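*Asks:* Input: one structure, supplied below.
The values are calculated or read from the model by the stated rules, or taken from the named source; none is laboratory data. As the structure is a prediction and not an experimental result, all values here were calculated from the model. A quick note on method: Cβ atoms are made from the backbone with ideal geometry, for glycine too, and the neighbour counts reach across all protein chains shown. For the accessible areas, the whole protein counts, side chains as well, though only heavy atoms, and no ligand, DNA or RNA atoms are used. Shrake-Rupley method; radii C 1.70, N 1.55, O 1.52, S 1.80 Å.
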Amino acid sequence: MASETGESIRPGRTYIPWDDLPVQRETIAGIGTVLPVVVLYLLIAVLPIVFAFWASLHEIHTLNPEWQWAGLSNYREVLNISTFWDSLWRGIVYMVGSTLLQLAVGLWMALVLNRITRGQKLLTAVVFTAYLIPTIIVSLVAMRVFDPSGGVFQMIGAEWLGLWGGREAPLGSRDWAMRLLILIGTWKFAVFVTIFTLAQLRAIPDRFYEAAKICGANRWQMFRDITLPRLMGIVLVVVLLRSVFMFNKFDIIWQLTEGGPGDATTTLPVLAYKTVYTDQAYGLANAISVVMFLFLLASAIIYFKLFNPSEEVETTT
């Protein structure tokens, strides 16, 4: 027996066309597309967070595989040690200083590149190269220049200009080490802001500026009324991303100062690393990481409540 479409139907069975099936082809294709992303997200994001939280509830020696249940004692210890609060404050200083400076430099470079007419592509490629340089290379060059025990900057300042003594060059100074880290990080990561804002600048139609010129608007008025409102959405997103990245930044800090001199540049990621490999307290380090994650999560929620960058992006596109 055959159906209208020519397909054979066995006696006693009800024929249901493919288009009338509860799960259609588009649904199966959609699930097949989304499922790998969900699995990957669970593996690289959710699972490590769950593991860190479970480990934070145990007393674990770094070199001993035995886990002893500790409950919330690690969290009580974290919140009671002064080094945690000091490191949290230094992390906030590093995050705010780096984000604001990167935002200023990145916006300035984007505005300059957007106005250049000759050699724009070449100059843009040169500027973007700074973001492609590995962080370890930036750190090695910075150490060669600012190393307090023989760097170029130290030799010029101490031997030629007499500005400081033997090991008081910026990376060896408690007062200047954090500031120098912010400056070096800005040179490396400000291009991230430039990439986003430059793309948004080039998406603004030229007819807006032409109409403003006809109406007699000057450059400041065009920037205030046309450019800035269309940059606000992307700026809010960039500020959130850079804040999270810089608060979690570990590599460039450790490569340049290892949290020193003393503890002048010890932020929470550096403190967690030292807790694991110096104090051999793996469970306590995970508790620090979980508290750091909760701090970032709460800050992000407050940020979204106050500014709502997603809505800002939708209204300016």
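*Asks:* Inside region 207-223, can you point out the residues that are open to solvent by 100 Å² or more (accessible area, probe 1.4 Å), at pLDDT 85 or above and in a helix (DSSP H, G or I)?
*Replies:* Hits for region 207-223 are Arg207, Glu210, Lys213, Ile214, Trp220.
*Asks:* Which residue out of Leu241, Leu297, Leu306 is over 30 Å from Asp175 (Cα atoms) and under 19 Å from the mean Cα position of the chain (by Cα)?
*Replies:* Answer to the selection: Leu297.
*Asks:* For Val37, state whether it is assigned to a helix (DSSP H, G or I), under 22 Å from the mean Cα position of the chain (by Cα) and at pLDDT 85 or above.
*Replies:* yes
*Asks:* Just checking, does region 170-183 include any residue being touching a Lys or Arg at 6+ places or on another chain (Cβ under 9 Å) and among the small types (Gly, Ala, Ser)?
*Replies:* yes
*Asks:* Sticking with this structure for a sec: Inside region 230-260, can you point out the residues that are open to solvent by 30 Å² or more (accessible area, probe 1.4 Å) and either of a type in the set (Phe, Trp, Tyr) or not in a helix (DSSP H, G or I) (or both)?
*Replies:* Of everything in region 230-260, those that are open to solvent by 30 Å² or more (accessible area, probe 1.4 Å) and either of a type in the set (Phe, Trp, Tyr) or not in a helix (DSSP H, G or I) (or both) turn out to be Phe245, Asn248, Lys249, Phe250, Trp254, Glu258.
*Asks:* Read through the list (1) out of contact with any Lys or Arg (no Cβ under 8 Å at 6 or more places or on another chain); (2) open to solvent by 50 Å² or more (accessible area, probe 1.4 Å); (3) assigned to a loop (DSSP other than H, G, I, E, B), then give the number of the only condition that Gly150 fails.
*Replies:* Gly150 satisfies all of (1) out of contact with any Lys or Arg (no Cβ under 8 Å at 6 or more places or on another chain); (2) open to solvent by 50 Å² or more (accessible area, probe 1.4 Å); (3) assigned to a loop (DSSP other than H, G, I, E, B) except (2).
Matching residues to (1) under 28 Å from the mean Cα position of the chain (by Cα); (2) open to solvent by less than 30 Å² (accessible area, probe 1.4 Å); (3) at positive phi; (4) at pLDDT below 90:
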site	(1), (2), (3), (4)
Ala55	yes, yes, no, no
Gly71	no, yes, yes, yes
Arg76	no, no, no, no
Leu88	yes, yes, no, no
Ile92	yes, no, no, no
Leu101	yes, no, no, no
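*Asks:* Next question, about the same structure. Looking at (1) open to solvent by less than 60 Å² (accessible area, probe 1.4 Å); (2) more than 27 Å from Phe307 (Cα to Cα); (3) among the aromatic types (Phe, Trp, Tyr), which one does Tyr273 not meet, given that it meets all the others?
*Replies:* Result: Tyr273 passes all but (1).
*Asks:* Scan region 173-187 and report the pairs whose first residue is more than 13 Å from Ala264 (Cβ to Cβ) and whose second residue is of a type in the set (Ser, Thr, Tyr) and open to solvent by less than 20 Å² (accessible area, probe 1.4 Å), with Cβ atoms within less than 6 Å and a gap of 6+ or a chain change.
*Replies:* Taking only residues 6 or more apart or on different chains, the pairs are Gly185/Ser98.
*Asks:* Under the condition of being among the aromatic types (Phe, Trp, Tyr) and touching a residue at least 40 places away in the same chain (Cβ under 8 Å), which residue from region 225-273 is farthest from Ser149 (Cα to Cα)?
*Replies:* Only one residue tops the list, namely Phe245.
Residue by residue, here is whether (1) at pLDDT below 90; (2) more than 21 Å from Gly91 (Cα to Cα) holds:
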position: Leu268; (1), (2): no, no
position: Ala272; (1), (2): no, no
position: Phe293; (1), (2): no, no
position: Leu297; (1), (2): no, no
position: Ala300; (1), (2): yes, no
position: Leu306; (1), (2): yes, yes
position: Pro309; (1), (2): yes, yes
position: Glu314; (1), (2): yes, yes
position: Thr317; (1), (2): yes, yes
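*Asks:* Moving on. Considering Ala142, Ala203, which residue is within 26 Å of the chain's Cα centre (by Cα), at pLDDT below 90 and exposed (fewer than 15 other Cβ atoms within 10 Å of the Cβ)?
*Replies:* Answer to the selection: Ala203.
*Asks:* Whether any residue in region 25-41 is exposed (fewer than 11 other Cβ atoms within 10 Å of the Cβ) and in contact with a helix residue (DSSP H, G or I) (Cβ under 9 Å, 6 or more places away or on another chain) is what I want to check.
*Replies:* So far as region 25-41 goes, yes, one or more of its residues are exposed (fewer than 11 other Cβ atoms within 10 Å of the Cβ) and in contact with a helix residue (DSSP H, G or I) (Cβ under 9 Å, 6 or more places away or on another chain).
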